[in-house]
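K.L.:
First the structure, then my questions, so here it is.
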Amino acid sequence: MAPVLHADGLTRSFGSIVVADDLSFSVDMSECLGVIGPNGAGKTSVFNILAGAIQPQSGKVFLDGRDITACSQFERTRLGIGRTYQVPRPFGLLTAFENVLTAATFGGGRKGREADNFAFEILDRTGLVGRADMAAGSLPLLDRKRLELARAMALTPRLLLLDEIAGGLTEAEVGQLVELIVSIKKDLAIVWIEHVTHALQAAADRIVAINTGRKIAEGLPQDVMADAAVQEIYMGAMLDAAAVG
Ligand SMILES: Nc1ncnc2c1ncn2[C@@H]1O[C@H](COP(=O)(O)OP(=O)(O)O)[C@@H](O)[C@H]1O
Ligand SMILES: [Mg+2]
């Protein structure tokens, strides 16, 4: 059976900045692929290519074996690609419930009572039922992250793209998020970009490390984290940050 997602030789640059360099990877159903790499490595841009927000200069994206490279963002949402954004993008004045309902209705194609029930079910699964009537813009950070996940889940995606949803959370909150992601993985393929590497090690089945759009390591989480090239890049990034800070 074809993997849910297959990225084949994705290549893209913005002027001299390379965000994808002959990048290939696959994700199966019920699998969570972690993506790591320093800031500016091209991770979010790769999500933009997978979601159809930007086009690759070469390479293809396959969903369930079907070439979707030419499909629009909207078509890809309908075909089952859900994503969260690094900076949460809820409709701030709508309630948490209304945000999830909007996704269930417009992206997920549900109507009336069925959409209402489904939206509540998602709020329940993401631990947001108690906040259903709060304006999304007034939610604390963990709940905004949960809402970002809830909106993507309301699309009933086959492929879920998570962009740094653990950043800024406390250790206990990261633990809750990992638990939630592991609990939804059965019916999905997940790609999770994350700097909080211990969260990835707990949830991901495999990790791909990228730098300047190029894959530098791929394998079991513990092997990739121990990889010499990965350690060098992370140490380098930390030294840069220390020099700036
Ligand atoms: N639409 C764009 N136009 C020009 N440059 C971009 C665009 N999107 C991203 N970039 C640049 O590409 C590089 C990689 O960005 P990004 O994919 O967001 O990296 P990451 O998510 O790994 O931190 C950055 O230098 C960023 O400024
Ligand atoms: Mg990013």
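K.L.:
So how many residues does segment 26-44 have that are more than 6 Å from ligand 1 (Cβ to nearest atom) and either in a strand (DSSP E or B) or among the polar types (S, T, N, Q) (or both)?
P.N.:
8
K.L.:
Right, here's the next one. Do we have residue 144 as at pLDDT below 95 and either away from ligand 1 (no atom under 16 Å from the Cβ) or on the phi > 0 side of the Ramachandran plot (or both) here?
P.N.:
Criteria met by residue 144.
K.L.:
Return the residue satisfying two criteria in turn: it lies in segment 45-70 and is within 12 Å of ligand 1 (Cβ to nearest atom) and surrounded by fewer than 19 Cβ atoms within 10 Å (Cβ to Cβ), and of such residues it is farthest from residue 213 (Cα to Cα).
P.N.:
53
K.L.:
Taking only segment 71-82 into account, find how many residues are crowded, with 17+ Cβ neighbours inside 10 Å, in a helix (DSSP H, G or I) and either within 16 Å of ligand 1 (Cβ to nearest atom) or at pLDDT 95 or above (or both).
P.N.:
Residues that pass the stated criteria total 1.
K.L.:
Among the candidates 115, 150, single out the residue that is among the small types (Gly, Ala, Ser), free of Cβ contacts under 8 Å to residues at least 40 places away in the same chain, under 27 Å from residue 63 (Cα atoms) and outside any loop (DSSP other than H, G, I, E, B).
P.N.:
Among 115, 150, only 115 is among the small types (Gly, Ala, Ser), free of Cβ contacts under 8 Å to residues at least 40 places away in the same chain, under 27 Å from residue 63 (Cα atoms) and outside any loop (DSSP other than H, G, I, E, B).
K.L.:
Among the residues of segment 194-212, which ones are within 14 Å of residue 41 (Cβ to Cβ) and touching a Phe, Trp or Tyr at 6+ places or on another chain (Cβ under 7 Å)?
P.N.:
Listed by number, the list holds a single entry, 208.
K.L.:
A further question follows. Among the numbered criteria (1) surrounded by fewer than 17 Cβ atoms within 10 Å (Cβ to Cβ); (2) within 17 Å of the chain's Cα centre (by Cα); (3) away from ligand 2 (no atom under 13 Å from the Cβ), which one does residue 86 miss?
P.N.:
(3)
K.L.:
Of all residues being within 16 Å of ligand 2 (Cβ to nearest atom) and free of Cβ contacts under 8 Å to residues at least 60 places away in the same chain in segment 168-201, which is farthest from residue 80 (Cα to Cα)? Just the residue, please.
P.N.:
168
K.L.:
Now for a different question. Criterion first (away from ligand 2 (no atom under 13 Å from the Cβ) and among the hydroxyl-bearing types (Ser, Thr, Tyr)) does residue 77 satisfy it?
P.N.:
When the stated conditions are applied, residue 77 passes them.
K.L.:
Under the condition of being more than 16 Å from ligand 2 (Cβ to nearest atom) and buried (at least 21 other Cβ atoms within 10 Å of the Cβ), which residue from segment 156-167 is nearest to residue 116 (Cα to Cα)?
P.N.:
Selected residue: 157.
K.L.:
Yes or no: segment 23-37 includes at least one residue that is within 13 Å of ligand 2 (Cβ to nearest atom), within 24 Å of residue 165 (Cβ to Cβ) and not β-branched (Val, Ile, Thr).
P.N.:
yes
K.L.:
Quick check, is residue 120 aromatic (Phe, Trp, Tyr), away from ligand 1 (no atom under 16 Å from the Cβ) and either free of Cβ contacts under 8 Å to residues at least 24 places away in the same chain or under 17 Å from residue 192 (Cβ atoms) (or both)?
P.N.:
yes
K.L.:
Right, next: Only one of (1) in a helix (DSSP H, G or I); (2) over 16 Å from the mean Cα position of the chain (by Cα) is not met by residue 50, so which one is it?
P.N.:
So residue 50 meets the others, but not (2).
The values are calculated or read from the model by the stated rules, or taken from the named source; none is laboratory data. Values in this document were obtained by computation on a predicted structure and should not be read as measured data. Neighbour counts are summed over all protein chains in view; Cβ atoms, including those assigned to glycine, are modelled from backbone coordinates with ideal geometry.
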